[in-house]
Amino acid sequence: MIFTNPSGAPELACDECGCRWFDRLGGDRCTCYECGAPVSGEAQAEFRRAVQAHAAKRGAGAGRAQPDAAASDRGAG
Ligand SMILES: [Zn+2]
């Protein structure tokens, strides 16, 4: 499941318990810290699409108001 945080950015959350803490130390494997449920590749792909859509929206509308935030977004990819 995907939440939108107060700043409008998407956040990936566990389908089982809704928490947003995940163990990503295993690389591709992503499991919930709370209940240990694995996050499906489908959910991760959906989350990436949401992030990209959000970034594209910000890039189109925000201009150069926040150069630091834009730089960190690029670094995360
Ligand atoms: Zn969970």
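What follows is calculated from the coordinates using simple rules that are stated; it is not laboratory data. Because the structure is a prediction, the values reported are computed rather than measured. Virtual Cβ from ideal backbone geometry, glycine too; neighbours counted across all protein chains shown.
Modelled spin labels at Glu42 and Ala56, positioned 7 Å past Cα toward Cβ, are 2.2 nm from each other. Near Asn5: Cβ cut-off under 13 Å, other residues only, Lys/Arg at +1 and Asp/Glu at -1. The net charge is 0.
Stretching Arg49 away from Tyr33 to a fully extended chain increases their span by 3.5 nm, per 0.36 nm per residue minus the current alpha-carbon distance. Site pair Asp23 and Glu11 shows an inter-label distance of 2.1 nm when each label is modelled 7 Å from Cα along Cα→Cβ.
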